[in-house]
Amino acid sequence: MSNAFIVGAVRTAAGKKKGSLSGWHPIDLGGFVLDELLRRTGADPALIEDVIFGCVNQVGAQGSNIARNCVLSSMLPVSVPATTIDRQCGSSQQAVHFAAQAVMSDVHDVVIAGGVEVMSLVPIGGNAIAGNKIGYGAPYGRGMKTRYPGVRWSQFEGAETLADRYGLDRVMLDTFGLESHRRASRAIAEGRFSREIAAIDVKDEDGSSRSFNEDEGVRHGASAEAMAELKPLSERGLLTAATSSQISDGAAALLIANERGLERLGLKPRARIRAMTVVGDDPVVMLGAPIPASQRLLERSGVTINDIGLYEVNEAFASVPLAWAKALGADPERLNVNGGAIALGHPLGCTGARLMTTLLHEMERRNVRLGLQTMCEGGGLANATLLERQ
């Protein structure tokens, strides 16, 4: 069996809701990162055998196989096929897994994986909401209602249940949220994201153009006092807007190849996808699956959590990475070292590829050999990936 290598990785900066990227059509935003990935790697577009993109809300501007439309909006030849993946928040991490599986099995040699989501245009749940409004029904059938009678499917309740299960209180969640902003602010000040972000032209309300290259959801002056004053999102009083991921816009893409693909491209690998997995867990709690996913990943790869130099655990809510770290016995100093979705944003279908792009670049900056990525996903799912720097 062949290996799967990451050859290149690039992302846009994350735009906040109704912010700098809100004027970009998601198809064009996806086409932009495809072109930028090809430009940065110097890969021959004719050698790309497939494009796999994640996108969660596939309706309207993000419908009709957005991955293919991104290809048609890029410099890639029309002969390059594409498909769109929905594994909820892990969609583009799953896209990377599918790309890796393709090159490891020698079905393909060179594949691009990534994701895009413009939540300013297509809101979270937009596909389900739109379908229900026009009479196409809701995404819950008789079987689910029988199996889970009376269940109110809520990621917010799941996040607070997870906090209760692992003994996390409001102060602990607030402290983590504040640290996410502080780490992200420091990373921006030190230019840590400069190599992974592709600057993109945007227009302001007055019609003037500028270059956008900095994640704009980061609160550089965040304070514990200000966070403590925020009203909770539920009666239980644990979660606030400051300990939840931000609604965002963005796109990211990675070039994946096997040994033969590397030779055809004339390029060197930056990291090997050493192991990967996906698991299902309790769909009511919904957000706890990164724990068993990571445990399975460690078992299959033969490494321990202490062998891994960096962890990227998506900050859907502060309780997710905190519970994960407690369950795995992970070093918090290696966790989301440049902040996470609480500060940097969570453009759903893009986030998995964004996390991997950031993880790869930080592994290179710190000369770290192993890095782990995992994220919770709707329906009680989670992907987990182990990278080995080359």
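The values are calculated or read from the model by the stated rules, or taken from the named source; none is laboratory data. Given the structure is predicted, the values throughout are model-derived calculations rather than measurements. We place every Cβ from the backbone using ideal geometry, glycine too, and count neighbours over all the protein chains shown.
If a residue counts only when it is under 16 Å from the mean Cα position of the chain (by Cα) and either among the basic types (Lys, Arg) or closer than 28 Å to residue 222 by Cα (or both), which helices (runs of 4 or more DSSP H) contained entirely in segment 284-390 have at least 3 such residues?
In segment 284-390, the matching helices (runs of 4 or more DSSP H) lie at 341-344, 351-366.
Can you tell me which of (1) part of a loop (DSSP other than H, G, I, E, B); (2) of a type in the set (Gly, Ala, Ser); (3) more than 16 Å from residue 349 (Cα to Cα) is the one residue 64 doesn't meet?
Unmet condition: (3).
Find all pairs meeting these conditions: Cβ atoms under 8 angstrom apart; at least six residues apart or on different chains; first residue within segment 370-390 and on the phi < 0 side of the Ramachandran plot; second residue among the acidic types (Asp, Glu) and crowded, with 23+ Cβ neighbours inside 10 Å.
Between residues of segment 370-390 that are on the phi < 0 side of the Ramachandran plot and residues that are among the acidic types (Asp, Glu) and crowded, with 23+ Cβ neighbours inside 10 Å, the close pairs are 371/312; 372/312; 373/312; 374/312; 383/377.
Would you be able to tell me the number of residues in segment 32-73 that are within 17 Å of the chain's Cα centre (by Cα), more than 16 Å from residue 11 (Cβ to Cβ) and of a type in the set (Gly, Ala, Ser)?
Residues flagged as within 17 Å of the chain's Cα centre (by Cα), more than 16 Å from residue 11 (Cβ to Cβ) and of a type in the set (Gly, Ala, Ser) within segment 32-73 amount to 1.
For segment 62-74, give me the residue count where each residue is surrounded by fewer than 16 Cβ atoms within 10 Å (Cβ to Cβ) and under 14 Å from residue 29 (Cβ atoms).
1
Within segment 168-182, identify whether any single residue is touching a His at 6+ places or on another chain (Cβ under 8 Å), surrounded by 14 or more Cβ atoms within 10 Å (Cβ to Cβ) and at pLDDT 95 or above, and answer yes or no.
yes
Can you pull out every residue in segment 115-152 that is part of a strand (DSSP E or B) and not charged (D, E, K, R)?
Within segment 115-152, 115, 116, 118 meet the criteria.
Return yes or no: is residue 10 assigned to a strand (DSSP E or B) and under 30 Å from residue 185 (Cβ atoms)?
In short, yes.
Just wondering, is there one or more residues in segment 89-107 that are free of Cβ contacts under 8 Å to residues at least 60 places away in the same chain and in a loop (DSSP other than H, G, I, E, B)?
Yes, there is a match, as at least one residue in segment 89-107 is free of Cβ contacts under 8 Å to residues at least 60 places away in the same chain and in a loop (DSSP other than H, G, I, E, B).
Determine whether residue 106 is acidic (Asp, Glu), more than 30 Å from residue 2 (Cβ to Cβ), surrounded by fewer than 19 Cβ atoms within 10 Å (Cβ to Cβ) and more than 24 Å from the chain's Cα centre (by Cα).
So residue 106 fails the test.
Exactly one condition in (1) of a type outside the set (Lys, Arg); (2) at pLDDT below 95; (3) in a loop (DSSP other than H, G, I, E, B); (4) surrounded by fewer than 24 Cβ atoms within 10 Å (Cβ to Cβ) is not met by residue 238; state its number.
Condition not satisfied by residue 238: (4).
Please state which one of 364, 299, 377, 333 is acidic (Asp, Glu) and surrounded by 19 or more Cβ atoms within 10 Å (Cβ to Cβ).
377
Condition (residue is farther than 30 Å from residue 169 by Cβ and either without any contact (Cβ under 8 Å) to a residue 12 or more places away in the chain or surrounded by fewer than 16 Cβ atoms within 10 Å (Cβ to Cβ) (or both)) applied to segment 253-260: is it met by at least one residue?
Yes, segment 253-260 has at least one match.
Among the numbered criteria (1) within 20 Å of residue 177 (Cβ to Cβ); (2) without any contact (Cβ under 8 Å) to a residue 12 or more places away in the chain, which one does residue 263 miss?
All conditions pass for residue 263, except number (1).
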